[in-house]
1. So which pairs qualify, if the first residue must be in the stretch 119-137 and within 23 Å of Leu172 (Cβ to Cβ) and outside any strand (DSSP E or B), the second must be of a type in the set (S, T, N, Q) and modelled with pLDDT of 95 or more, the Cβ gap must be under 6 Å, and the two must be at least 6 apart or on different chains?
2. Consider the stretch 153-168. How many of its residues are more than 18 Å from Gly75 (Cβ to Cβ) and in contact (Cβ under 8 Å) with a residue 60 or more places away in the chain?
3. How about the stretch 151-165: which of its residues are assigned to a helix (DSSP H, G or I) and surrounded by fewer than 17 Cβ atoms within 10 Å (Cβ to Cβ)?
4. Just for the stretch 201-216: of the residues that are assigned to a loop (DSSP other than H, G, I, E, B) and out of contact with any helix residue (DSSP H, G or I) (no Cβ under 6 Å at 6 or more places or on another chain), which one is farthest from ligand 2 (Cβ to nearest atom)?
5. Quickly run through the stretch 166-205 and pick out the residues that are closer than 14 Å to Val126 by Cβ and either charged (D, E, K, R) or crowded, with 21+ Cβ neighbours inside 10 Å (or both).
6. Condition first: among the aliphatic types (A, V, I, L, M), over 30 Å from Lys19 (Cβ atoms) and at pLDDT 95 or above. Can you find one or more residues in the stretch 209-231 that meet it?
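The values are calculated or read from the model by the stated rules, or taken from the named source; none is laboratory data. What you are looking at is a predicted structure, and each value in this text was computed from that prediction instead of being measured. Cβ coordinates were reconstructed from backbone atoms using ideal geometry, including for glycine residues, and neighbour counts include every protein chain displayed.
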Amino acid sequence: MKSKNASKTIIVVPTYNEKGNINTIYEKIFRASQLSHLLIVDDNSPDGTGKIADGLARKDKRVQVLHRPGKQGLGSAYVAGMRFAIEKGYRNVIAMDADLSHDPANLPRMLELSEKYDLVIGSRYVKDGGMVNWNARRFLISQLANLYCRWFLGLRQADCSGGFKCYRADLLRKIGMENIFAKGYSFQVEILFRAVRAGAKVIEIPIIFVNRHVGESKLNFGELWQFFLTVLKLRWRAWLGRV
Ligand SMILES: Nc1nc2c(ncn2[C@@H]2O[C@H](COP(=O)(O)OP(=O)(O)OP(=O)(O)O)[C@@H](O)[C@H]2O)c(=O)[nH]1
Ligand SMILES: [Mg+2]
């Protein structure tokens, strides 16, 4: 791995029932970026993912595990992981899913770009980006969600809801983790909106998102409803000058 940023980077991976994926993502991450560290944020997964993560941490000093008592949502897992990263003094924080939808082979490119950009987004919707194995329903939901938040929040990014991102810790400090209110998936649009409002230099690079082969999706109607409300709330707060 070329980028000197790798040794100051922590990769935050939230997990809930990912026992079939956690070992593979661990191996692939360190194949792509040996010098980085990995933080697994597990919400007491009933399938025992947390115990497998502890085993990885025992055998590999680059791995740490944050255990939380129960399922508290994807966004709140990221906020916990980002707080940890800021406290420990990391320079970059990479967010990625555990289910192998985000290919760790993209990590070196992201880290190189993080020398110049505050936020590097792995984007499905720029040229050469895309999705594999997504059904029409899932694609439509994603497209509508992106149209909605781009139009309502004036965002210029093509992929506003994706979760594969590299943040400079300084940007996260500027945003202030205590200000984030979204607990679930809509965290992704909230943090992007706050980053743009904070004046971040943002770039999108193409990624191919591969639908999970193992385990189950946690995206449900409640999360979509929360996404709808989060965008409204952000718009309202921005009008009041509170974002
Ligand atoms: N710690 C924690 N992790 C979560 C929670 N909800 C989801 N995750 C993890 O967040 C990542 C993304 O969740 P997924 O269910 O794959 O969501 P998705 O990628 O939008 O949905 P699919 O495309 O169907 O996989 C995975 O690594 C999950 O295990 C949660 O409440 N707490
Ligand atoms: Mg997924």
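1. From the stretch 119-137, no pairs qualify.
2. Matching residues across the stretch 153-168 total 1.
3. Restricting attention to the stretch 151-165, the residues satisfying the condition of being assigned to a helix (DSSP H, G or I) are 151-153.
Correct list: Trp151, Phe152.
4. First, the residues of the stretch 201-216 that are assigned to a loop (DSSP other than H, G, I, E, B): 201, 207, 211-216.
If we keep only those that are out of contact with any helix residue (DSSP H, G or I) (no Cβ under 6 Å at 6 or more places or on another chain) too, we end up with 201, 211-216.
Numbers: Lys201: 28, Asn211: 7, Arg212: 5, His213: 11, Val214: 10, Gly215: 8, Glu216: 9 Å.
Out of the qualifying residues, it is Lys201.
5. Quick first cut of the stretch 166-205, residues closer than 14 Å to Val126 by Cβ only: 202-205.
Passing the criteria: only Glu204.
6. Restricting attention to the stretch 209-231, the residues satisfying the condition of being among the aliphatic types (A, V, I, L, M) are 210, 214, 219, 224, 229, 231.
Applying the additional criterion that residues be over 30 Å from Lys19 (Cβ atoms) yields 229, 231.
Keeping just the survivors that are at pLDDT 95 or above gives 229, 231.
Yes, the stretch 209-231 contains a residue that is among the aliphatic types (A, V, I, L, M), over 30 Å from Lys19 (Cβ atoms) and at pLDDT 95 or above.
Table: residues versus (1) farther than 16 Å from Asn5 by Cα; (2) touching a helix residue (DSSP H, G or I) at 6+ places or on another chain (Cβ under 9 Å); (3) charged (D, E, K, R).
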site: Ser36; (1), (2), (3): no, yes, no
site: Val41; (1), (2), (3): yes, yes, no
site: Asp47; (1), (2), (3): yes, no, yes
site: Ile52; (1), (2), (3): yes, yes, no
site: Val63; (1), (2), (3): yes, yes, no
site: Arg68; (1), (2), (3): yes, yes, yes
site: Gly73; (1), (2), (3): yes, yes, no
site: Ser76; (1), (2), (3): yes, yes, no
site: Lys88; (1), (2), (3): no, no, yes
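Conditions (1) within 14 Å of ligand 2 (Cβ to nearest atom); (2) aliphatic (A, V, I, L, M); (3) in a loop (DSSP other than H, G, I, E, B); (4) without any contact (Cβ under 8 Å) to a residue 60 or more places away in the chain, marked per residue:
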| residue | (1), (2), (3), (4) |
| --- | --- |
| Phe181 | no, no, yes, yes |
| Phe193 | no, no, no, yes |
| Val196 | no, yes, no, yes |
| Gly199 | no, no, yes, yes |
| Lys218 | yes, no, yes, no |
| Glu223 | yes, no, no, yes |
| Phe228 | no, no, no, no |
